[in-house]
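Below: the structure, in C-alpha cells.
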Amino acid sequence: MAVSSMQAVNVIGLMNYIDDVITVLGESGVFHPDEVSNFYSDLKEFTRLQTKNSYAEPLTNLKAALNQTKRSFPLTDVSDFSPTFEELESFSNETTAAIDALLEEKATAEAQLEKAKNSLGIAEHFAGLDVEIQRVKQMEYMTARFGKLPKDSMQKLEAYKDNEYVDFAVCTEDKTHCWGVYFAPNDEVEEIDKIFEGLYFEPTDLVGINETPSRRAAAYKKEIPELQKRVKETKKRLDSYLNENNERITRYLSKLEELYLYAGIRSKALQHNQSFIIVGWVPAENRRALQKRLKKIKSVELDFSDAKNELDKHPPVKLKNCFLAKPYEFYTDMYGVPKYNEIDPTLFVAITYTIIFGIMFADLGQGFCLAIAGLLMWKIRKMAIGKILFPCGISSMVFGTLFGSVFGFEHVLDPMFRFFGFEEKPFEVMAAKNTNTIILGAIGIGVFLLIVAMCLNVYTSFRQKNYGRALFSTSGIAGIVFYGSLVFGLVAEIFLGMHVMTLPYILGLVVFPFLLVFFAEPLGDLVNGEKDWQPESWGGYIVENLFESIEVLLGYVTNTMSFLRVGAFVLVHAGMMLVVFVIAETVGQPGYWLVVVIGNALVMVLEALLVAIQVLRLEYYEMFSRFYSGEGRPYEPVKISTD
C-alpha cells in the first residue's frame with residue numbers, strides 16, 4: 001500500500017534552448033508538467049509563452065479523416081524526424097483533402113447503389129402495371145397515389161364501400177403489406193387522402209418513371225452490377241492511397257501527436273526577459289536519467305526537491321503495487337487516487353474484495369467458470385474488470401470447496417472430505433442450525449474489517465501529522481476503543497457468559513472514549529496546536545453534538561449491519577440453486593440437465609453482478625469512509641504511446 005516517491009523539478013534556462021528542453025522532457029515519458037503559479041506566488045513580470053496549441057487543428061483534422069477510413073495507424077518512434085510546422089500543416093491539409101475526396105466518391109457510389117436497390121424493389125412491386133407511371137401522374141382530372149397498405153387495413157376498406165373512390169387496386173403483396181394504387185378526383189383528393197392516411201397508407205415516390213415499372217426494373221437490374229463495380233473501385237482507390245502512403249501517414253501522425261503533447265509542456269512554461277521556467281514532477285527513480293540529459297543543454301539550471309517537502313503543492317500520485325494487487329487499481333481510481341501523504345488502499349482492496357467475493361459466491365464449479373470468463377475478458381477484450389474477476393473466481397473456488405458446493409451440487413465433494421476423516425462435508429450451508437453461525441460470522445467479519453479500517457485511519461492521520469483525528473475521531477484511537485470495547489462486552493455477555501460489562505469497564509472503555517469522540521473537534525485543534533481551539537459557545541457545541549452523536553452511534557451500527565449481506569448471499573446462493581434443482585426434478589428427464597445448465601448460467605450471471613456490486617459497496621461506503629479521502633491527483637506524464 002504505497003505510492004511512488006516523486007520529485008519536484010524546476011527547470012530554468014535561456015529561451016534559445018527551450019525547444020531542446022521540452023523535447024527532452026517529452027521524450028523522457030516521465031515528466032508531469034505543472035503550473036508555475038503552483039510553485040511561485042510573485043509572477044507579475046512573467047508572461048505565458050503560448051495560450052493555443054497550434055498543432056491541435058492539423059492533428060484533429062488528420063485524425064478525423066483517418067478515423068472515417070476505419071484503418072488503424074499505430075504510432076511509432078519519430079525522434080529522428082524533424083519536419084517544420086508548415087510541412088506538418090501542409091501534409092495534414094493535403095492528406096485530409098485527398099481522403100475526404102475519396103470518401104465522398106465512395107459514399108456517392110454507395111448512395112447511388114442503395115437508391116437503385118430500393119428503387120428496384122419498389123418498381124418490382126408495380127411490375128404488373130403495363131402503363132407509364134409518368135403519364136398516370138399527369139392525368140388532368142384524377143390524382144393517383146402509389147404506395148403500400150397494411151393487410152389489416154384492407155379489411156377496413158369495407159367500411160367505406162359507399163364511397164366509390166375509396167378503393168385500392170392491389171398490384172403485389174408481401175408478408176405485411178399490399179402494394180398498389182388508388183385514384184381520386186382532384187376536387188375530392190384531400191378527403192380521400194385523409195381516409196387512407198387513417199388506414200396507415202404509406203405513399204411511395206414513383207415520380208420520374210417515364211416508362212412501365214417492369215421496364216424500369218429491368219433497367220435497374222442492369223444498372224446495379226455497374227454501381228456495385230463502381231463501389232468496389234472506389235474502395236480499391238481508397239485502399240491503394242492508404243497503402244501507398246501508410247508509412248508517411250504514420251510518421252506525420254506520430255510527429256503531430258508528439259508535438260501536440262509537447263506543446264502541453266510549452267503552454268505551462270513562463271518567460272521572463274530572455275529566460276524561461278518550467279516546473280513539474282518526476283518519479284524519484286527517473287530523476288538521475290532526466291537530470292543527466294537536461295544538464296547537457298546549455299544554460300539550463302535544475303532544482304530537484306522531494307515531494308514530501310512540497311505537500312502544499314499537491315504532488316501527483318503514481319500508484320505502486322505488486323502484480324497481484326495491481327488489477328485492483330481500477331477500483332481505487334474509480335473512487336479517487338490517494339493524496340501523496342495518504343496510504344494507497346489498493347492492496348487492502350485486493351485482499352478484502354477477493355476474500356469477501358469468494359465467500360459470497362462460494363461454488364467450485366461456478367467459480368471456475370467465472371475465473372475463465374475473467375481471463376478471456378482480460379486477454380481477448382482487454383477489459384480491466386477481467387483482471388479482477390479472475391482472482392475472484394479463484395477465491396470462489398476455494399470457498400466453494402470449503403462449503404462443498406459444485407454447480408449447486410452440495411455433496412459431490414463428500415468423498416474428498418472422507419479422506420480427511422469426515423463422513424460428509426463438515427458445514428452444510430442450508431442446515432437451520434448453521435444459519436446463526438453464518439449471520440454471526442458475517443458480522444464478525446464486518447467488525448474485524450471496520451477495526452482494521454480505523455487502524456489504517458490512525459496510521460494515515462499520524463503520517464499526515466493530524467494528531468487530533470488520529471486520537472479523537474470516530475475512526476481514531478478513541479473510536480476504536482469505544483467500538484471494540486462495546487462489541488467485545490456485548491459478545492462476552494450474550495454469547496460467552498462472561499460478565500465484563502462492569503461499571504469500571506463501562507466508564508473507562510465505553511463512556512470515556514465516547515466523550516473524547518464527542519469533544520473531538522476542540523481536543524483535536526488543541527493537540528494540533530491551533531490557537532482558536534475552543535468553540536465560540538460551549539453550550540451551542542454540546543447541543544449540536546448531541547444530535548451528531550446519534551448519527552455517530554447509528555453509523556457504527558449500520559456499518560456493522562451492512563456486513564450481514566455477506567452471510568445473506570451465502571444463503572441466497574444455496575437457496576437459488578435449491579430452486580433450480582427443484583424445478584429440474586419437477587421437469588424430469590430428459591429436460592433435467594437442460595434446466596440445471598440454464599439455471600446455473602442464470603445464477604452465475606445474476607449473482608456475479610450482484611456480488612461484485614455489493615462487495616464494492618462495502619469497500620467504498622463502510623471501509624473507505626473510515627480512512628480514505630481519494631482526493632489526490634493522478635500522475636499523468638507527457639507520453640506518446642507507441643507500439
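The values are calculated or read from the model by the stated rules, or taken from the named source; none is laboratory data. Keep in mind it's a predicted model, so treat the numbers as computed, not measured. Positions of Cβ are backbone-derived with ideal geometry, glycine not excepted, and every protein chain shown enters the neighbour counts. To get the accessible areas, we keep the full protein, side chains included, count just its heavy atoms, and leave off ligands, DNA and RNA. Shrake-Rupley method; radii C 1.70, N 1.55, O 1.52, S 1.80 Å.
Couplings 3J(HN,Hα) of region 548-564, computed from phi: 5, 5, 4, 5, 4, 5, 5, x, 4, 5, 5, 4, 5, 5, 4, 6, 4 Hz, in residue order, whole Hz [Karplus 6.51 cos²θ - 1.76 cosθ + 1.60, θ = phi - 60°; x for Gly and Pro]. A full extension of the chain between residue 503 and residue 333 corresponds to an added length of 56.5 nm, given 0.36 nm per residue minus the alpha carbon distance.
Dipole magnitude for region 134-231: computed about the Cα centre from +1 point charges on Lys and Arg Cβ and -1 point charges on Asp and Glu Cβ, it is near 860 debye. Going by accessible surface with a 1.4 Å probe and the largest first, 592, 328 read 592, 328. Rolling a 1.4 Å probe over the protein heavy atoms of the chain, with every protein chain left in place, gives an accessible area that is 58 percent carbon and sulfur. For region 596-643, GluC sites (Glu not before Pro) meeting the loop criterion (DSSP other than H, G, I, E, B) and having at most 12 other Cβ atoms within 10 Å: 631.
Phi angles of region 468-478 translate, via the Karplus equation with coefficients 6.51, -1.76, 1.60 and θ = phi - 60°, into HN-Hα couplings of x, 5, 5, 8, 10, 6, 4, 10, x, 4, 4 Hz per residue; Gly and Pro are given as x.
Spin-label pair residue 382-residue 302: with each label point 7 Å from Cα along the Cα-Cβ axis, the two points sit 3.3 nm from one another. Here the simple spin-label model places points 7 Å from the Cα toward Cβ, and for residue 542 and residue 402 these points are separated by 4.9 nm.
Only one of (1) 3, 15, 25, 24, 15, 7, 4, 3, 3, 2, 1, 0; (2) 3, 10, 13, 13, 14, 15, 14, 10, 6, 2, 0, 0; (3) 3, 15, 25, 27, 19, 9, 2, 0 was calculated from the structure for P(r) over Cα pairs in 10 Å bins from 0, in percent, and its label is (2). Each Lys or Arg adds one and each Asp or Glu subtracts one; over the other residues with Cβ under 10 Å from the Cβ of residue 79, this totals -3. Computed about its Cα centre, the charge dipole of region 1-142 is approximately 560 debye, with only Lys, Arg, Asp and Glu carrying charge at their Cβ. A simple charge model with +1 on the Cβ of Lys and Arg, -1 on the Cβ of Asp and Glu and nothing else charged puts the dipole of the chain at about 2260 debye relative to its Cα centre. Compared with the dominant principal axis of the Cα atoms in the chain, helix 435-463 is inclined by about 80°. Just how far, in whole angstrom, is region 499-553 from region 1-51 if you go by their alpha carbon centroids? Between the Cα centres of region 1-51 and region 499-553 lies a distance of 47 Å. In region 41-188, Cα pairs under 8 Å separated by at least six residues give a relative contact order of 19 percent.
Between residue 210 and residue 235, the distance separating the two model label sites (each 7 Å from Cα on the Cα→Cβ line) works out to 3.5 nm. Each part reduced to its alpha carbon centroid, region 283-349 and region 574-599 end up 54 Å apart. The packing ranking, built from the mean of other Cβ atoms within 10 Å per residue, places the peptides 35-48, 190-203 in the order 190-203, 35-48, highest first. Principal-axis analysis of the Cα atoms of the chain puts helix 592-617 at an angle of about 60° to the longest axis. Taking GluC sites (Glu not before Pro) across region 369-428, the ones in a DSSP loop with at most 10 further Cβ atoms lying within 10 angstrom of their Cβ are 423. Between the beta carbons of residue 534 and residue 311, assuming R0 = 25 Å, the FRET efficiency works out to 0.35 to the nearest 0.05.
Relative contact order, whole percent, for the chain stands at 21, derived from Cα pairs under 8 Å and 6 or more residues apart.
Once the Cα atoms are used to define both axes, helix 213-244 deviates from the longest principal axis of the chain by about 40 degrees. Between the alpha-carbon centres of region 139-213 and region 382-449 there is a gap of 70 Å. With Rh defined as the Kirkwood radius, the inverse of the mean 1/r over Cα pairs, the Rg/Rh of region 1-112 is 1.11. For residue 172, the amide hydrogen comes within under 5 Å of the amide hydrogens of 179, counting only partners 5 or more places away or on other chains and with H modelled in the peptide plane. The trypsin sites (Lys or Arg not before Pro) of region 296-336 that meet both conditions, a loop assignment by DSSP and at most 13 other Cβ atoms within 10 Å of the site Cβ, are 296, 298. Amide H contacts under 5 Å for residue 167: 183, restricted to partners 5 or more places along the chain or on a different chain, H placed in the peptide plane at 1.01 Å from N.
One way to sum up the overall shape of region 484-643 is the equivalent ellipsoid from its Cα gyration tensor, whose semi-axes run 48, 30, 13 Å, largest first. Accessible surface of residue 293, taken over heavy atoms with a 1.4 Å probe and every protein chain present, rounds to 100 Å². Mind running the shape call on region 142-219? Use the C-alpha gyration tensor, a ≥ b ≥ c as the square roots of the eigenvalues: rounded below 1.5 for a/c, prolate if a/b tops b/c, oblate otherwise. Oblate shape, in that a/c is at least 1.5 and b/c is the bigger or equal ratio. Annotation: amide H of residue 630 within the under-5 Å range of 339, sequence separation 5 or more or interchain, hydrogens built in the peptide plane. Heavy-atom accessible surface of the chain, averaged per residue, reaches 54 Å², computed with a 1.4 Å probe. A prolate overall shape is assigned to region 282-414, the ratio a/c of its alpha-carbon gyration tensor axes (a ≥ b ≥ c) being 1.5 or greater and a/b exceeding b/c. Relative contact order, whole percent, for region 137-261 stands at 26, derived from Cα pairs under 8 Å and 6 or more residues apart.
Relative to the current alpha-carbon distance between residue 414 and residue 440, full extension at 0.36 nm per residue lengthens the span by 6.8 nm. Taking θ as phi - 60° and the Karplus parameters 6.51, -1.76 and 1.60, the scalar couplings of region 265-271 work out to 5, 4, 5, 9, 6, 10, 10 Hz in sequence order, x denoting glycine and proline.
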